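Encoded as structure tokens, the structure appears first; notes follow it.
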Amino acid sequence: MTEPAKPSRLSKTIFVAIARFVAAASGLLIAVVLSKTLPTELEYATYRQTLLTFQFVAPLLGLGLTTAALFFLPREPRRAGTIVLEMVLLLFLAGGLFAAVMLLGGAQWVAYRFNNPNLETTLTWFSCYAIFALPVTLVGPVLVSREESLWVAGHSGAIGLLKIICVVGPVLLISKNSLLAVQGIMVWAILAFLGSLFVFWLKLPKLTSGPSAESLKRICGYGIPLSIATVIATINRNVDKILVSDILSPEEAAVFMNGAIEIPFIGIVVGSVTSILAAEFSAKFEKGQVNEIMIVWQNAVKKTAAILLPIGAFLYAFAEPTMIVLFDERYIASSEPFQIYLYLLPLRVFQGGLFLQMAGKTRLLLAFSIIVTIFNAVLTYLLVPPIGMNGAAYATVLSVGLIGFPLGVGMTQYALGIKIHEWIPYRVIFSFLLISVGLFLFLKFVLGYFDLSPIWNLGLAGAAVPVLSWTMLRWCGINLFPRKLRE
């Protein structure tokens, strides 16, 4: 009797991409509805800043366990149930720490620093969110490691729809205020946690043993340096929002945070590719199959660039109508930081940190994150007062482009002995970038002669995105959907 065929790398990536799309789209849809529904910028800023407080420390509270799951579970499939139980217990403890800090004065301190008294109430309600939300983050990596990509999409779709109902529903039907939205997301976290426990029970093998101190030590030894590196990277991504909230008014912070977003499709593509390859590369690194990894990686980078760069060029050229359609004409100024952050998009396709993670070089990754974050924080603090909110965006771009990217390339080459041309097809990426930017700036020039509404501008220009992506893929000799999905 033959074994059933394993799902191909492409099919797994597609299912994980669907899951990430639903998760990202639900968050963006909630932000769009609340920005249009809540009566003032202050109410909207209160909701966004409440979530930002958790997002700022979530990687540290998560202890690097989402990545650790992709590292340990493929190597120890028989102990999968026990490993996940140990991770859930660790996340419970981390979530309890967040709750204690918020209830014992943290909420008041954040409200004071952000010049927003409303945060004291919303953060008190929000304090127990981490206890329930953190274990939910394990579901995706666990299912990916178990070759259950279809379940990843299904689970993400269910909790994404549930989040929209819990957060947006009460605001639309009961009262238009930020506190009700925060209470709704607390209800969602509890329900999502219960659903995640059911998925673990259904898809993981029975426990072979209870949690052990040795296993917990191994998990923490791998995950904590990665967690610290991730939280520092998150500080690097959010230091702009934190300092803008600290220096400028809540209303200005709301405008900035709408512009300082990543359109879901970008994170979906990069994150899905990284998630699938992480589980595969972990086993290959252990066997020393570096050359095989590089072949797979270069192909993945070309596909990613062919999809992302046309999207980025389109959004850059049509940033103002994008902000108007997504949010409101009140937030048209959000288009300026939105455009500035898009300068980082070409660097998003590389994800060199993946190699350091899968090779177990988490301490090297930690050093990288610290250096880039310090540079970004100092530059942001210097540029925001004289330039305003756009200074924070420029600081992030400069810190990543001038320090982060060269340093990341150097560390990867030093640690793994990989030449830059072996893992970055830079000529192909540069060609894709020039073609994409040229095409969409030309379309903006042409459409400027017509008095079209923002949605018509986006629709007509956006139709060129899939055509250009498909052309680029074929130019590289890559068929995104071959007859046999297995690569």
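Right, residue 357: within 19 Å of the chain's Cα centre (by Cα), farther than 22 Å from residue 260 by Cα and modelled with pLDDT under 75 or not? Yes.
Quick check on the stretch 418-429. Is at least one of its residues over 30 Å from residue 373 (Cβ atoms) and either at pLDDT below 85 or of a type in the set (A, V, I, L, M) (or both)? Yes, that holds for at least one residue.
The number of residues in the stretch 305-337 being crowded, with 18+ Cβ neighbours inside 10 Å, modelled with pLDDT under 80 and farther than 24 Å from residue 446 by Cα comes to 2.
A count restricted to the stretch 298-331 and to residues that are over 18 Å from residue 344 (Cα atoms) and outside any helix (DSSP H, G or I) stands at 2.
Conditions (1) open to solvent by 10 Å² or more (accessible area, probe 1.4 Å); (2) among the basic types (Lys, Arg); (3) under 30 Å from residue 257 (Cβ atoms); (4) modelled with pLDDT under 80, marked per residue:
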{"residue": "57", "(1), (2), (3), (4)": "yes, no, yes, yes"}
{"residue": "67", "(1), (2), (3), (4)": "yes, no, yes, yes"}
{"residue": "80", "(1), (2), (3), (4)": "no, no, no, yes"}
{"residue": "90", "(1), (2), (3), (4)": "yes, no, no, no"}
{"residue": "108", "(1), (2), (3), (4)": "yes, no, yes, no"}
{"residue": "121", "(1), (2), (3), (4)": "yes, no, yes, no"}
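Scanning the stretch 441-455 for residues that are over 21 Å from residue 309 (Cα atoms) and loosely packed, with under 11 Cβ neighbours inside 10 Å yields 448, 449, 450, 451. The set of residues in the stretch 317-346 that are under 22 Å from the mean Cα position of the chain (by Cα) and either over 15 Å from residue 390 (Cα atoms) or without any contact (Cβ under 8 Å) to a residue 12 or more places away in the chain (or both) comprises 322, 323, 326, 327, 345, 346.
The values are calculated or read from the model by the stated rules, or taken from the named source; none is laboratory data. Worth saying up front: this structure is predicted, and the values here are computed from it rather than measured. Note that each Cβ is placed from the backbone with ideal geometry, even for glycine, and that neighbours are counted across all protein chains shown. For the accessible areas, the whole protein counts, side chains as well, though only heavy atoms, and no ligand, DNA or RNA atoms are used. Shrake-Rupley method; radii C 1.70, N 1.55, O 1.52, S 1.80 Å.
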